[in-house]
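Colleague: I'd like to ask you about the structure that follows.
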């Protein structure tokens with residue numbers, strides 16, 4: 001895979017490339033972002049949060065596309081909303097498509113280059129399309145492209161002017177596993193060149209593969225920060241909640257409590273909800289216990305594996 005030329009060096013004073021200080025964004029009665037603060041240097045940083053958590057709004061504020069209701073954002077030492085020059089040093093991949101359907105990939109990325117006043121825009125577009133593994137000679141309109149190809153066209157358009165800060169909103173959506181691996185390798189390569197790469201995702205496994213510093217956001221608030229290992233430990237510190245559908249719920253619940261596998265149990269008419277700190281042990285015990293009690297076991301399902309529940313837990317701890 002080819003690479004784009006390295007950007008100019010970041011500010012020599014060693015300051016963060018992106019600084020978000022006490023930022024809130026309110027739309028009418030809706031608080032989309034609430035008092036968020038963090039700073040980011042070069043390299044890859046992931047913004048992890050469920051859909052509707054405020055990730056896209058925060059990115060729009062950082063790019064200067066919408067003003068914060070409260071707080072300040074500095075990108076490369078300047079306010080992107082007021083400073084045209086710094087806006088030209090940011091590359092954005094929005095979550096929305098925003099492609100001109102009748103244009104080819106080369107035409108679209110060339111237009112993006114011309115908009116950024118890039119010298120020799122077509123040559124720059126050809127290079128950027130090569131970086132994301134797309135054929136610049138493909139004359140088909142992007143309307144006929146797959147979701148993954150469209151994502152890569154947007155990424156090429158964001159890279160075409162060699163930005164120092166890249167803000168990528170769910171850029172891996174729609175890519176197949178091979179494409180995802182290649183794009184993650186590209187993000188790391190860009191970070192290694194000294195760029196600041198901010199990547200949002202609602203998929204925990206994606207963020208684990210990024211292997212980067214993580215900012216976790218939920219309900220518009222920053223829930224936690226750290227590397228993947230640190231945040232995984234935070235998540236594992238809480239009991240796991242499992243629903244077990246069984247026709248002898250009271251006997252089943254009593255046996256799990258007696259064995260010490262359950263730290264809490266709620267009994268329903270035909271199921272129980274179990275809190276446990278040892279999911280593996282629970283998994284090993286459920287089937288033999290059902291056999292011993294001569295109970296009919298119909299379903300075992302986690303209730304707290306989604307990101308929303310993880311973030312609610314982290315927010316409650318604050």
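The values are calculated or read from the model by the stated rules, or taken from the named source; none is laboratory data. Since the model is a prediction, treat every value here as computed from it, not as a measurement. Ideal geometry is used to build each Cβ from the backbone, glycine not excepted, and the neighbour counts take in all protein chains shown.
Colleague: Kindly provide the set of residues from region 35-46 that are touching a strand residue (DSSP E or B) at 6+ places or on another chain (Cβ under 6 Å), surrounded by fewer than 18 Cβ atoms within 10 Å (Cβ to Cβ) and touching a residue at least 40 places away in the same chain (Cβ under 8 Å), ordered by number.
Modeller: Across region 35-46, the qualifying residues are 35, 37.
Colleague: From the list 109, 118, pick out the single residue that is on the phi < 0 side of the Ramachandran plot and in a loop (DSSP other than H, G, I, E, B).
Modeller: 118
Colleague: Check region 162-172 and report whether any residue there is in contact with a strand residue (DSSP E or B) (Cβ under 9 Å, 6 or more places away or on another chain) and part of a helix (DSSP H, G or I).
Modeller: No: zero hits.
Colleague: Any chance region 180-189 includes a residue that's in the same structural domain as residue 23 (by TED's automatic domain parsing), modelled with pLDDT under 90 and touching a strand residue (DSSP E or B) at 6+ places or on another chain (Cβ under 7 Å)?
Modeller: The answer is no, given that none of the residues of region 180-189 is in the same structural domain as residue 23 (by TED's automatic domain parsing), modelled with pLDDT under 90 and touching a strand residue (DSSP E or B) at 6+ places or on another chain (Cβ under 7 Å).
Colleague: When region 121-161 is examined, which residues are found to be touching a residue at least 40 places away in the same chain (Cβ under 8 Å), assigned to a loop (DSSP other than H, G, I, E, B) and under 18 Å from residue 186 (Cβ atoms)?
Modeller: Those that are touching a residue at least 40 places away in the same chain (Cβ under 8 Å), assigned to a loop (DSSP other than H, G, I, E, B) and under 18 Å from residue 186 (Cβ atoms): 132, 133, 160, 161.
Colleague: Scan region 38-92 residue by residue and report those that are within 25 Å of residue 192 (Cβ to Cβ) and assigned to a loop (DSSP other than H, G, I, E, B).
Modeller: Residues satisfying the conditions are 41, 42, 76, 77, 80, 88, 89.
Colleague: Could you run through region 255-290 and say how many residues are assigned to a loop (DSSP other than H, G, I, E, B), within 34 Å of the chain's Cα centre (by Cα) and surrounded by fewer than 18 Cβ atoms within 10 Å (Cβ to Cβ)?
Modeller: Counting residues in region 255-290 that are assigned to a loop (DSSP other than H, G, I, E, B), within 34 Å of the chain's Cα centre (by Cα) and surrounded by fewer than 18 Cβ atoms within 10 Å (Cβ to Cβ) gives 3.
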